[in-house]
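The values are calculated or read from the model by the stated rules, or taken from the named source; none is laboratory data. Keep in mind that this is a model prediction, so the values were computed, not measured. Because the Cβ atoms are built from the backbone with ideal geometry, glycine has one as well, and the counts that use them run over all protein chains shown.
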Amino acid sequence: MKRKILFRGTGTALITPFTANDEIDIKSIKKIVEFQIKGGVEAIIPAGTTGESATLTEDEQALVVKTVVKYANGKVKIIAGAGSNSTHHAITLAKRMMAQGADGILSVCPYYNKPTQEGFYQHYASIASAIDAPIIMYNVPGRTASNMDASTTIRLAKSFPNIVGIKEASGNFGQIMEILKHRPAGFGVWSGDDAITLPLIALGADGIISVVSNETPKMFSDMVRFCLKGEFVKALKLHNRLLELMNFNFVESSPIPVKAVLSSMGLIEENYRLPLMPLSEKHRQTMKNILKELNLR
């Protein structure tokens, strides 16, 4: 397949709403997908880390992706979370998520195993060889306990045209700049951290796979579009307005704060899967103040 960037702009790493009975909340998925599309995001990424994929069964993951595809109705790109620390399972998941109608997959670097750089390479090489679909790699050392080097990313990008990009959440600007400098044509690089999206786009990144756009899809996607057009003065105003919320979203393990915010906005019920717990009371007044400042309540 010929490589092309799946999207430029904002992709929302969508939360997964649950009912009080711990089931997938289909009605709320419809509501939040419509909220994202109305807000102007370019892509939605269901069943990823922010979607609590670690606690979803494979059937639930497929249901979430299928439901998001249905309600998005072709209006934005749908990139399904389909990662695992088992290469065999990652391939199985990728095939099944693509069968739900996704436009591509987001595949997190193997977690817990702590592979070597050759292990990273062979993991993604196996997935890319097994499926004829666009693959975005996801490097997030803070969750996986290991980092995929820039040289490995570029090696994969040059070897497999269906590896179409990377969500880089290492926070290592030197590493990300190396990827941006040496990437082949059509290989996308997306920020994996909301708060550093503006400077990364200034360096050449193609956008963001975002948490904060769950709550403020219009404001944040407008900021990203200003960045992509080189209008950084306008972008900085929106960045600064959203900075407190972007930081608040990680005051406890994500997606705890963002689900609390969305619940306060009336978009979902505040339900989680163990071992995640509801937002601590000590942070709720701060949340209320932020919501009031941003006119989100």
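Of the residues making up segment 38-60, those that are of a type in the set (A, V, I, L, M) and at negative phi are Val41, Ala43, Ile44, Ile45, Ala54, Leu56.
For segment 51-74, the tally of residues that are among the small types (Gly, Ala, Ser), surrounded by 15 or more Cβ atoms within 10 Å (Cβ to Cβ) and outside any helix (DSSP H, G or I) stands at 1.
Can you find even one residue in segment 244-266 that is closer than 20 Å to Lys30 by Cα and either touching a Cys at 6+ places or on another chain (Cβ under 9 Å) or hydroxyl-bearing (Ser, Thr, Tyr) (or both)? Don't jump to the end; show me each part of the working.
Initially, segment 244-266 is screened for residues closer than 20 Å to Lys30 by Cα, giving 255, 258-266.
Next, from what is left, pick out any that are either touching a Cys at 6+ places or on another chain (Cβ under 9 Å) or hydroxyl-bearing (Ser, Thr, Tyr) (or both): 263-264.
Checked against the condition, which is being closer than 20 Å to Lys30 by Cα and either touching a Cys at 6+ places or on another chain (Cβ under 9 Å) or hydroxyl-bearing (Ser, Thr, Tyr) (or both), segment 244-266 yields at least one hit.
Pairing residues of segment 277-297 that are over 9 Å from Pro257 (Cα atoms) and touching a residue at least 40 places away in the same chain (Cβ under 8 Å) with residues that are among the polar types (S, T, N, Q) and surrounded by 12 or more Cβ atoms within 10 Å (Cβ to Cβ), at Cβ distances under 9 Å and at least 6 apart in sequence or on separate chains, gives Leu294/Thr216; Leu296/Thr216; Leu296/Ser264.
Scan segment 85-105 and give yes if some residue there is charged (D, E, K, R), in a loop (DSSP other than H, G, I, E, B), crowded, with 18+ Cβ neighbours inside 10 Å and under 15 Å from the mean Cα position of the chain (by Cα), otherwise no. Before you say what the answer is, go through the steps one by one.
Applying the first criterion (charged (D, E, K, R)) to segment 85-105 yields 95-96, 103.
After this cut, where a residue has to be in a loop (DSSP other than H, G, I, E, B) as well, the list is 103.
Add one more test, that the residue is crowded, with 18+ Cβ neighbours inside 10 Å, and what stays is 103.
From what is left, the residues that are under 15 Å from the mean Cα position of the chain (by Cα) are 103.
Looking for residues that are charged (D, E, K, R), in a loop (DSSP other than H, G, I, E, B), crowded, with 18+ Cβ neighbours inside 10 Å and under 15 Å from the mean Cα position of the chain (by Cα), one finds at least one in segment 85-105, hence yes.
Only one of these is surrounded by fewer than 18 Cβ atoms within 10 Å (Cβ to Cβ) and either within 29 Å of Glu60 (Cβ to Cβ) or not β-branched (Val, Ile, Thr) (or both): Lys259, Lys218. Name it.
Lys218
Tally time: how many residues in segment 128-184 are under 30 Å from Gly101 (Cβ atoms), surrounded by 15 or more Cβ atoms within 10 Å (Cβ to Cβ) and of a type in the set (Asp, Glu)? Summing the residues that are under 30 Å from Gly101 (Cβ atoms), surrounded by 15 or more Cβ atoms within 10 Å (Cβ to Cβ) and of a type in the set (Asp, Glu) in segment 128-184 gives 1. Restricting segment 185-211 to residues that are of a type in the set (Gly, Ala, Ser) and touching a Gly at 6+ places or on another chain (Cβ under 9 Å) leaves a set whose member that is surrounded by the most Cβ atoms within 10 Å (Cβ to Cβ) is Ser210. Close contacts from segment 198-213, counting a first residue that is on the phi > 0 side of the Ramachandran plot and a second that is modelled with pLDDT of 95 or more and assigned to a helix (DSSP H, G or I), with Cβ to Cβ under 6 Å and a gap of 6+ residues or different chains, come to Gly204/Leu180; Gly207/Val224. Can you find a residue in segment 158-171 that is modelled with pLDDT of 95 or more, in contact with a strand residue (DSSP E or B) (Cβ under 7 Å, 6 or more places away or on another chain), of a type in the set (A, V, I, L, M, F, W, C) and part of a helix (DSSP H, G or I)? The answer is no; no qualifying residue exists. Close Cβ contacts (under 6 Å, 6 or more residues apart or on different chains) running from residues in segment 185-196 that are more than 25 Å from Pro161 (Cα to Cα) and touching a residue at least 12 places away in the same chain (Cβ under 8 Å) to residues that are among the hydrophobic types (A, V, I, L, M, F, W, C) and in a helix (DSSP H, G or I) comprise Asp194/Val212; Asp194/Met246; Ala195/Met246. Looking only at segment 60-83, count every residue that is more than 21 Å from Ile24 (Cα to Cα) and over 15 Å from the mean Cα position of the chain (by Cα) and tell me the total. Count: 2.
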